[in-house]
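A short worksheet on the structure shown next.
Each value in this text was obtained by applying a stated rule to the coordinates, not by laboratory testing. Note that the structure is predicted; figures quoted are calculated from it, not measured. Note: ideal-geometry Cβ built from the backbone for every residue, glycine included; neighbour counts use all protein chains shown.
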Amino acid sequence: MSQRMRLDGVGRRYGMRGPWVLRDVQLDVPVGALLRIEGANGSGKSTLLRLLAGIDRPTAGRITGCPRTAYVPERFPAALPFTAAGYLTHLGRIHGLRTPEASRCAAEWLERFGAAGHAHTPLAELSKGTSQKVAVAQALLAEPELLVLDEAWTGLDRAARGILDRVVAERVADGGTVVFVDHDPRRLAGAADSVYRVAEGLLLPRDGGTEERQAAPVGPRVVIEAEGPPGGVPGSAAHLPGAPDIDPGPGGTTRLTVPAAHSDALLRALLTARPPWHIRAVTAAAPPPGTAHEPPDDTSGAAHQATLPTALQDTPYEAPLS
Ligand SMILES: Nc1ncnc2c1ncn2[C@@H]1O[C@H](COP(=O)(O)OP(=O)(O)OP(=O)(O)O)[C@@H](O)[C@H]1O
């Protein structure tokens, strides 16, 4: 982020005499980090996210730093007089893109989320899930420095949820910051750098974050078997994306296990290391005993493909033979 964002003594209440929804919030929003905000219904999470996104102002305290921010609201205003592609192109132009580029980005995001077939459907006629895909796409168009996601996965089909997981990891790997709320505790489990809880108007650090990362996350994990240069792992494992667990693999390879949300970033780090690593295999890790996984709600190939890291889907890739 060009400017680190900070909330200092921030409070918010609605109306002169309304109760304080948030009180004395102190928060540093680090660059290149994933922050999770938790809390019960009505605790003030969306209120906090709107303040972070800059679409609401605090009643007390101050917010400094103003990164380029994009926001996926809890409720998307779908009744706008645009088609899906027209709306995204329009927003792309507002973000400073020229029309052909805005139109290309709009088409790419719709395609990536499996909504290309609805490019010319009026927003008001979109299904709830497709409308949510448009809501997510509008936030991603301008590659924001700060991405604020308020239950953005809600209503998306399984494939699109997987894609959004990966997009979040990509933004963080590219140095962006993502702040998200999601009621599913498995969402990006183990991937957040910091976890906070809103309760009784206060924002409290939850002992998760880095500890959560290190303590066997319950979300899906990916195993990368790679052959590195002599000397082994580049840098400290703790500084690799996703802080992978590192073990010896078969045939002299190294086995790196990371939360799926970080697998793209880790693959990119390995493939672009100097000298680059050779990736031998990428597989889903067996879930730890007793952990539940999201049931599939879609039996299409797209849903299955969504479990593969993007780096392997988008780039034709062949493991070099030795
Ligand atoms: N525009 C508003 N005007 C008046 N009160 C509001 C407004 N927006 C939110 N509130 C109130 O502020 C409190 C916190 O709401 P908020 O939407 O931030 O909670 P939340 O934690 O996001 O809830 P949920 O998990 O249900 O989405 C609630 O009591 C809500 O009624």
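How do the strands (runs of 3 or more DSSP E) wholly within segment 16-82 filter down when requiring 3 or more residues that are within 16 Å of the ligand (Cβ to nearest atom) and closer than 18 Å to Ala192 by Cβ: which remain?
Details: elements: 20-29, 34-39, 60-64, 69-72.
Correct list: 34-39.
What number of residues in segment 2-15 are more than 13 Å from the ligand (Cβ to nearest atom) and at positive phi?
1
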